[in-house]
Structures are given as structure tokens and as C-alpha cells.
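The values are calculated or read from the model by the stated rules, or taken from the named source; none is laboratory data. Just so it is clear, the structure is predicted and the values come from calculations on it, not from any experiment. Heads up, the Cβs are rebuilt from the backbone with ideal geometry, glycines too, and the neighbour counts pull from every protein chain shown.
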Amino acid sequence: MSLGLLLLLLAVLTVLAHVAGRRRAMRLVGGDLRKLHSLPDFYGRTTALAAAVPALILILVWLIAQAPLLEGRAMGRLQPTDITAERPLEAVRADVIRLADGLARLASAGETPAADPAALVEQLKAHGLVLQAEPTPGVLAAAESYRAGVVLSKVWLSLATIAVMALGFLLAWWRISPDFRARNATEGFTLALLVGASLIAVLTTVGIILSLLSETIHFFRLYPAAKFFLSTTWNPQFAGGSSLGLWPLVWGTAYVTVIALLVAVPIGLFSAIYLSEYAGPRLRGVIKPAIEMLAGIPTIVYGLFALITVGPLLRDWIAQPTGLGNSSTSVATAGIVMGIMVIPFVSSLSDDIINAVPQSLRDGSLGLGATPSETVRQVVLPAALPGIVGAILLAASRAIGETMIVVMGAGASAKLSLNPFEAMTTVTVKIVSQLTGDSEFGSPETLVAFALGLTLFTFTLVLNILAQIIVRRYREQYE
Amino acid sequence: MSGSLLTQDKRTRARNAAEARFRSYGIVAIILALLALVWLLISILGNGLPAFRQTMLTFPVTLDAAVLDKADTRDPQALAKVTTITYGKLLSRALSAELAARGIDAGTLTDKDIGSLISEESAAQLRDKVLGDPGLIGSTITFQALATGRIDGYYKGRVTMETAAKDKNTSPEKLALADKMKDAGILAMRFNPGFILLPDASDKRPEAAGLGVAILGSAYMMIVVLLLSLPIGVAASLYLEEFAPRNRFTDLIEVNIANLAAVPSIVYGILGLSFFINFAGLPRSAPVVGGLVLVLMTLPRIIIPTRAALNAVPPSIRDAALGVGASRLQTVFHHVLPLAMPGILTGTIIGLAQALGETAPLLLIGMVAFVKDFPSAPPEGLFDPASALPVQIYNWTTRGDPGFVERASGAIIVLLVFLIIMNAAAIALRRRFERRW
């Protein structure tokens with residue numbers, strides 16, 4: 001039975017379980033509602049939940065555990081000669097799974113697989129499946145075993161699901177009596193679900209930290225931590241012997257972030273001041289959403305904008321005439337485009353914060369004869385300063401963690417240079433390139449991405465927490 | 001100092017000038033921000049709109065049985081043995097025959113050169129058509145073939161006679177022939193539904209590349225995100241807002257959620273790679289993995305507006321429900337939640353829109369791979385390899401042929417249209433159902 005059908009059956013049976021539970025409760029009291037502890041629907045809900053929830057958990061666990069178990073069993077059928085230098089275990093594993101998929105397609109088309117390997121390859125080609133290598137008997141046996149395992153696993157999953165549903169239903173059905181506190185039972189269960197849902201947020205953080213930490217530790221076993229943190233060269237090599245120094249990447253990240261802030265802070269701050277202190281409600285109602293649109297545009301759009309518009313423009317009009325560089329990807333390109341992206345982060349939060357400054361402060365200043373701009377500069381801004389610093393920190397954290405703009409706009413060469421029209425690279429760019437490259441997963445060249453990820457995570461976390469503390473302090477001051 | 005109140009002294013003039021300057025800084029800042037927005041949109045629209053129109057060649061093709069089905073049995077096995085190369089030759093001959101019939105002088109160009117104006121993808125399309133309906137063999141059909149990327153680029157201003165002279169994939173003679181065909185009505189720019197519907201094509205064939213697999217992959221991911229993040233997000237918010245006692249533990253959860261919302265998206269990609277793919281053994285490039293990563297990323301962005309919406313429901317509603325004997329869960333599920341629903345849905349749609357445009361985490365879980373086969377129907381299809389809209393855009397920008405830049409910009413227009421629809425739905429929902437207590 002396919003997964004979709006199984007889930008559909010599960011849904012139908014759950015509804016039936018609900019009806020059955022409700023009916024049983026009503027029949028036990030002869031239709032007299034007053035004799036039941038809870039409303040009849042709650043009895044239905046207990047049976048439905050008892051039938052559905054364990055079955056759903058079973059399906060989930062089964063799906064997660066199935067692939068590794070079946071693979072392990074299939075790999076056991078391989079012969080030692082199947083794994084050679086040019087086709088290592090990973091490649092053979094992929095072959096087996098592809099071949100198993102091909103056999104499944106043949107079976108569903110009603111064809112018998114050809115006995116001769118070369119003919120089998122041709123036969124699979126006709127079904128749109130190209131094999132990397134002609135299958136050896138061992139690979140064929142493994143693929144057969146894998147395919148049989150998948151088929152068998154489907155049958156057993158269906159049977160097990162139905163059995164678990166029946167068991168859960170019967171237990172709940174048997175528990176129903178007029179005195180059974182069905183409402184308390186279902187509500188306790190629902191509340192447990194709610195608690196579980198809110199725990200997912202914590203689990204995500206734990207997952208992030210664990211996955212980053214474990215692979216980073218793995219990395220530092222292969223590569224000295226001192227070199228990672230102190231070296232100023234970044235030069236990964238396929239053959240090994242790479243130098244993986246953090247500093248060129250941190251420098252690129254910091255440089256891009258600074259340029260982004262140089263663009264975003266004046267524009268964002270002055271528009272926030274104008275919108276909150278000068279603009280009327282109608283102008284504000286138009287301009288504010290328009291500026292906030294900049295925050296809703298996906299970063300890939302900014303990336304393309306940097307790549308095809310801003311990059312060539314800066315190169316042709318500034319970098320080449322002044323002789324500063326001739327690359328269309330540069331720190332300046334990425335910085336300017338990223339600056340545009342973070343304008344709304346600065347302007348919206350600053351706007352909120354300036355609005356939170358009590359009107360009495362403004363009235364006092366204006367009443368003493370100050371002009372509106374003097375009020376802003378000498379009263380409102382000093383009062384709002386901590387909050388604005390918080391907003392800028394948030395924008396900086398956003399810029400540091402941004403990936404697509406720098407991947408497409410900043411370039412890939414790790415350099416320590418002051419020239420903004422030169423291509424440099426950032427932490428996020430290198431995470432992407434090291435993890436999407438062709439290096440083997442266990443090599444230091446790949447694992448360094450996790451150490452970079454941990455660095456990035458720590459940096460942004462510290463900035464965020466700092467910003468939150470500052471903004472919160474500031475808010476409390478005027479509440 | 002004596003002076004009239006009606007004439008401003010020097011100091012007042014200076015102060016007023018400073019005032020005007022300060023105001024103009026604000027106006028300039030706003031204009032700069034809006035200009036950036038307009039510049040961005042114009043650049044994308046200008047580059048991307050041509051992707052929706054494609055240069056096509058329309059001419060009659062005789063599906064000669066002697067070429068396509070030598071045994072004349074219409075046996076599907078035998079027909080499938082005929083490769084796209086044969087179909088390509090058939091198309092070239094048909095096009096030169098049409099040129100000869102219309103009296104267009106091809107100059108020094110051979111049949112093969114003429115055939116090279118037709119996209120290689122068209123031969124495959126014709127083959128699929130014939131295999132789908134073997135009855136066509138022997139008849140003459142009017143076939144609409146794609147012109148190659150270079151010819152298409154010529155009519156979109158990407159290729160000129162000068163660049164063509166240096167280009168080994170085309171020549172000025174071919175472009176001149178294309179102009180003649182255009183005058184004869186064989187060649188024309190048409191709306192190109194294939195850009196939305198067809199799967200991606202290889203590096204050499206930008207003219208045939210489409211967004212079909214990417215749109216479907218993104219749709220699958222959005223299904224996963226909606227089905228998981230809405231219930232989990234609402235459940236978590238309900239617990240935190242309505243039931244949780246104020247203690248260290250709930251404080252921890254709250255600080256956690258606030259920080260998760262600000263974690264860089266690429267970190268979620270690393271989590272997806274090491275947990276879902278390396279640890280749980282889920283397949284690479286699968287929409288289900290992309291969906292799960294986006295769920296984790298979207299959850300805090302749904303929880304925050306949902307809690308605000310729940311918080312906005314006045315306590316009197318809860319008191320009234322509790323007062324007539326509802327349990328706390330009944331109060332919440334029967335009264336508070338329905339009243340907060342518009343706000344929750346608005347937040348969810350905006351969260352989904354953000355997830356739709358997210359690229360970086362999907363790169364890390366292998367969705368950048370070249371995928372030409374459509375995934376099958378869900379739920380099994382969720383485990384098939386697929387692409388996603390933003391990743392497809394990135395993928396196209398990394399390719400050599402300049403035709404893909406236009407495709408990438410066109411794909412961004414598609415992405416932005418989806419986002420505008422989602423955001424408009426969110427705004428409409430808020431306008432229609434928002435209530436002030």
C-alpha cells in the first residue's frame with residue numbers, strides 16, 4: 001500500500017473510531033446525556049486519538065529507520081570485489097539504490113529484468129534510467145535485496161499501522177464507561193501536545209548547537225584550532241595540506257557589513273526621523289510600507305541585482321576608470337546592495353523607537369523655542385540613542401549572516417585587502433562553497449564549514465542578545 | 001541689539017536654514033530608499049520580461065515512415081530505438097525544404113547549418129510527440145520548433161552581427177537567414193508557456209529551460225511548511241500565551257524563540273544537512289528535507305505574530321467563557337483561537353512568503369542539483385529530487401550561456417508574482433477581518 005493511501009486509510013479509520021467511541025458512550029447510558037461525565041464527543045475523541053496518534057508515530061519512526069536498515073542489509077550482499085579504488089563504497093551504494101529503483105520501475109511496467117548485465121543496462125535506459133557502471137552480480141544481488149526489502153517494508157508498515165490502530169482503538173473503547181473522565185483525558189493529552197510543540201523551538205536550538213559543535217570538534221581533531229583562529233591565509237586544497245585561516249573571511253565579512261551599514265544607517269535613520277517627526281499620516285501610510293517592501297524582497301533577488309546591475313555598473317563607471325579593479329564582483333557591490341536590503345531594518349525599528357519617546361519631551365523643547373530639527377537632534381535622538389544602537393546592531397547581525405548577496409556579489413577569493421573594488425569573500429560564502437563542493441564529507445576542507453558556521457552563529461547570537469538587552473532597557477525607561 | 005520682530009536676525013536665519021537642511025536630509029533619504037526599490041524592480045523587470053517570449057520557427061514537418069519506422073510496424077519498442085539525432089535531421093531537412101518552397105535563398109548555408117538554427121530540445125519534443133502518438137507517422141504536421149538561444153538572443157538584443165562573427169555557435173549568415181525567415185513569417189516571437197511549464201534544460205539550451213520542476217518543488221515545500229509549521233506554531237503560541245506558568249523554563253523558551261528568529265538562514269541549512277541528511281538518512285535534493293528546514297526557520301516567524309494575535313483578544317472573552325462553565329481548553333479552542341485566527345493566518349502567510357524566497361539553506365541540502373524529471377505526486381513525490389524557485393534562479397546565474405541571465409530574471413518575476421499574491425492575500429485578510437476591541 002502506498003504511503004498516501006495508508007495516510008488516507010488512517011484518516012478514515014480515525015473518523016470511524018471517533019464515531020464508534022461516541023456511539024458506545026451514548027449506548028452505555030441509553031441516550032441519556034446527563035449520566036455521562038463528559039459530552040459524548042469527548043468519548044469519541046479519546047478513541048480517535050488512541051487509534052491515530054500511536055499509528056502516526058509508528059509511521060514516522062518507520063520511515064526514518066527504514067532506509068539505513070534496508071541499506072545495511074543490502075550492503076551485506078555485496079562481494080568484496082565490488083568495491084574497487086575507482087568505485088568506492090559510496091559510489092557502489094548509490095549504484096545499488098539506483099539499480100533497485102530501476103528494478104522497481106521494470107516491475108511496475110510488467111517487464112522481467114534481463115539476466116545479462118549489458119542487456120539490463122539497455123533495458124533500464126529505455127525507462128529513462130542511466131546507470132554509472134554495468135552492475136556486477138554482487139551489486140545486482142544487493143539491489144534485488146534492497147528492492148525486495150522496500151516492497152516487504154511497505155506491506156509490513158501497512159499491517160503494523162493497522163494493528164497499532166486496532167489495538168489503540170480497542171483499549172480506548174474498552175475504557176469507555178459513563179464515569180470515565182473523557183474530557184479530562186483528552187484535554188490532558190491536548191495540553192501535552194501544546195507543550196511538545198513549544199519544546200520544538202528549544203530542540204531546534206539544541207539541534208543547531210549540537211550539529212555545529214560535534215562537527216567542529218571533529219574538524220579540530222583533523223586541523224589544529226590555533227591555525228584556524230590565527231592564520232591569515234585561506235587556501236583549501238583538494239589533495240590535502242590546505243591552510244584554512246579564519247581571518248581573511250572575517251575581514252571580508254566585516255568590510256561588507258561596514259559598507260552596508262554606511263549605506264543603510266544614514267538613509268534608514270533620516271527616513272525614520274522624517275517619517276516620525278515631519279511626515280503627515282497620509283504620506284507616512286504610503287512611504288512606510290514602500291520602504292518595508294525592501295525587507296520582503298527575497299535575498300536571491302538582491303543577489304541577481306548585484307550580479308547583473310550593480311556589479312557591472314560599479315566596475316565600468318568607478319573601478320575601471322580609477323584603475324582600482326576590474327572585477328564586477330567586489331566588496332563594494334555586495335556592501336551597497338546589502339545596504340539597500342537592511343535599510344528597512346534600520347528605519348522601521350528606529351521609527352518605532354523614536355515614536356516611543358514621550359511627546360512631553362518634544363513639547364518641552366519646542367515650548368522653549370527650539371526648532372523641530374533642534375528638538376530632534378538635542379532631545380529626541382539622545383533619548384532614543386540606545387534603541388537606535390540596538391536597531392543598528394540588529395541590522396549588522398542581519399548583514400553578517402546574509403548569504404545570497406555575497407555569494408553572487410562579493411566574489412570567492414579570500415584576501416586581506418583595503419580596496420573596496422576588489423573581490424573578497426565572507427564566512428557565509430565559504431560555508432556554501434565548502435559544503436556544496438566536491439570534497440569528501442569527512443575531510444577538513446568540508447568540516448571547516450561547520451567551524452565557520454559555529455563562528456557565524458556565535459557572532460550573530462551575541463549581537464542579537466546585545467541588541468535585545470539594549471532595546472528592552474530603553475523601552476522600560478519610558479514605560 | 002535692536003530689531004524688528006518682522007525681520008529675522010542673522011541667527012534666526014541660520015537656525016531656520018539648518019531646519020530646512022535637516023528636513024531635506026530626511027526627504028533625500030526617503031527618495032534614495034524609494035529610488036533603490038524602483039531601480040531594483042526596473043532592472044529585474046527589464047531583464048526578465050523577454051524570458052516570457054521566445055523565438056519560434058513554425059513549419060510543416062513530414063513524419064516520414066521510412067525514416068522513423070523502417071519496419072513499418074509501429075512497434076513502440078522499435079520506435080523508441082530511433083534517437084533524437086534522427087529527429088533532428090528530419091527537422092533540418094523539413095526546414096530547408098520549407099525555405100526552398102518559399103523561395104528563400106539560404107546562401108552558402110548547408111542543410112546542417114540551417115538545422116542548427118533549431119534548438120536541439122525541439123528534436124526531443126518532436127520525438128516525445130511521435131512516441132506518444134505513433135499514428136502521426138506518415139502524416140505531415142505543422143510543428144513549432146524553438147530557435148536556438150543565439151537566434152533568440154539576436155531578437156532580444158543580446159547577440160549582434162559583430163558578436164556573432166566571433167561566436168563559434170552562430171554566424172552573421174545564420175542571423176541574416178533568420179531575418180529572412182522572419183519576413184516570410186516562419187520565424188516569430190511568441191508567448192512561451194514552456195518557461196513556466198517545462199523542466200530545466202542543459203547548459204547549452206537556455207531557450208528550452210523552464211521552471212516547471214522548480215515551481216512544483218517549491219509548491220511541495222510550501223505544503224510541508226504549511227502542514228507542519230501552522231499547527232506546531234499555533235500550538236506552541238497557545239501554550240506560551242494561554243497556559244504556560246511564568247517560570248524560568250518558559251522564559252528560556254521565549255528567549256529561544258526570539259533568538260531563533262534572528263539566526264542566519266544558512267545555519268538552518270547546516271542543521272538540515274547534518275541532521276536530516278547525514279543523521280536521519282533522508283535523500284538529498286528532496287522537497288521534504290527542504291520543507292523541514294524551512295519549517296524550523298518559519299516556526300519562530302509564525303509564533304511571534306500568533307502570540308501577538310492571541311494577546312490582542314481581550315480577557316473579557318476568556319472570563320465570559322470560563323464563567324459559563326467552559327474548561328480552559330474549551331475557552332481557548334472555542335473562543336480565543338477563532339477570534340485570533342485572522343491575525344494568525346496573516347502571520348502565517350507572511351511567514352510562508354519568506355520561506356518561499358529563501359535560498360541559502362536549500363543550497364546546502366543539495367537542491368541546487370540539475371533535475372529534469374518531475375517529482376511524482378505527494379506524499380511519495382516529496383522524497384523525489386526536485387528543484388525550488390529561488391535555487392533554480394541561483395543555478396541559472398552560475399551557468400555560462402548569457403541566455404540564462406534572462407531566464408533567471410524572468411524566474412524572479414515569477415517568484416515576485418507569487419510573493420505579491422501571498423502578501424496581497426495577507427493584507428486583504430487583515431483588512432477584512434481585523435477587529436479592534
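Points worth noting:
- Exactly one residue out of A:L385, A:L418, A:L366 is within 24 Å of A:A319 (Cα to Cα), assigned by TED's automatic domain parsing to the domain that holds A:T458 and either free of Cβ contacts under 8 Å to residues at least 40 places away in the same chain or among the polar types (S, T, N, Q) (or both), and it is A:L418.
- One residue from A:I64, A:I59 being in contact with a helix residue (DSSP H, G or I) (Cβ under 7 Å, 6 or more places away or on another chain) and within 19 Å of B:E380 (Cβ to Cβ): A:I59
- Considering each residue of the range B:188-199 in turn, at least one proves to be more than 13 Å from chain A (Cβ to nearest Cβ), outside any helix (DSSP H, G or I), surrounded by 19 or more Cβ atoms within 10 Å (Cβ to Cβ) and touching a strand residue (DSSP E or B) at 6+ places or on another chain (Cβ under 7 Å).
- Options A:M424, A:M408, A:M341; residue that is outside any helix (DSSP H, G or I) and out of contact with any Cys (no Cβ under 9 Å at 6 or more places or on another chain): A:M424
- Residue identified as more than 14 Å from chain A (Cβ to nearest Cβ), touching a strand residue (DSSP E or B) at 6+ places or on another chain (Cβ under 9 Å) and within 30 Å of A:G311 (Cα to Cα) among B:F59, B:F52: B:F52
- Of the residues making up the range B:228-264, those that are farther than 20 Å from A:L56 by Cβ, in a helix (DSSP H, G or I) and among the β-branched types (V, I, T) are B:T250, B:I253, B:V255, B:I257.
- Checking each residue in the range A:129-149 for being surrounded by 16 or more Cβ atoms within 10 Å (Cβ to Cβ), part of a helix (DSSP H, G or I) and of a type in the set (A, V, I, L, M) picks out A:V139, A:L140, A:A141, A:A142, A:A143.
- Search result, residues across the range A:229-252 that are surrounded by 15 or more Cβ atoms within 10 Å (Cβ to Cβ) and within 13 Å of A:K415 (Cβ to Cβ): A:W234, A:G245, A:W247, A:P248, A:L249, A:V250, A:W251, A:G252
- Scanning the range A:443-468 for residues that are without any contact (Cβ under 8 Å) to a residue 40 or more places away in the chain and either farther than 15 Å from A:V250 by Cα or touching a strand residue (DSSP E or B) at 6+ places or on another chain (Cβ under 6 Å) (or both) yields A:T446, A:L461, A:V462, A:I465.
- Within the range B:408-417, tally of residues that are under 14 Å from B:V391 (Cβ atoms) and either within 11 Å of another protein chain (Cβ to nearest Cβ) or not in a helix (DSSP H, G or I) (or both): 4
- Scanning the range A:385-397 for residues that are surrounded by fewer than 24 Cβ atoms within 10 Å (Cβ to Cβ) and within 11 Å of chain B (Cβ to nearest Cβ) yields a count of 2.
- Any hit, the range A:160-171, residues being at negative phi and in a loop (DSSP other than H, G, I, E, B): no
- All positions within the range B:383-399 that are aliphatic (A, V, I, L, M) and within 9 Å of chain A (Cβ to nearest Cβ): B:L389, B:V391, B:I393
- For the range B:103-125, filtered to residues that are touching a Gly at 6+ places or on another chain (Cβ under 9 Å) and within 21 Å of B:G185 (Cβ to Cβ), the residue that is surrounded by the fewest Cβ atoms within 10 Å (Cβ to Cβ) is B:G115.
- Taken over the range B:304-326, the criterion of being free of Cβ contacts under 8 Å to residues at least 40 places away in the same chain and under 41 Å from the mean Cα position of the chain (by Cα) is satisfied by B:A308, B:A309.
- If the condition is being of a type in the set (G, A, S) and either farther than 16 Å from B:L91 by Cα or surrounded by fewer than 20 Cβ atoms within 10 Å (Cβ to Cβ) (or both), then the range B:126-159 contributes B:G132, B:G135, B:G138, B:S139, B:G149, B:G153, B:G157.
- The range B:259-283 residues that are more than 7 Å from chain A (Cβ to nearest Cβ), paired with ones that are among the aromatic types (F, W, Y) and part of a helix (DSSP H, G or I) (beta carbon under 6 Å, 6 or more apart): B:L282/B:F276; B:P283/B:F383
- Filtering the range B:157-180 to residues that are of a type in the set (A, V, I, L, M), in contact with a Phe, Trp or Tyr (Cβ under 9 Å, 6 or more places away or on another chain) and under 14 Å from B:S116 (Cβ atoms) leaves B:A164, B:L175, B:A178.
- Verdict on B:Q392 being in the same structural domain as B:Y220 (by TED's automatic domain parsing) and touching a Lys or Arg at 6+ places or on another chain (Cβ under 7 Å): no
- Residue in the range B:277-284 that is touching a Gly at 6+ places or on another chain (Cβ under 8 Å), surrounded by 24 or more Cβ atoms within 10 Å (Cβ to Cβ) and part of a helix (DSSP H, G or I) present: no
- Test: residue in the range B:353-361 that is more than 24 Å from B:I302 (Cα to Cα) and part of a loop (DSSP other than H, G, I, E, B): no
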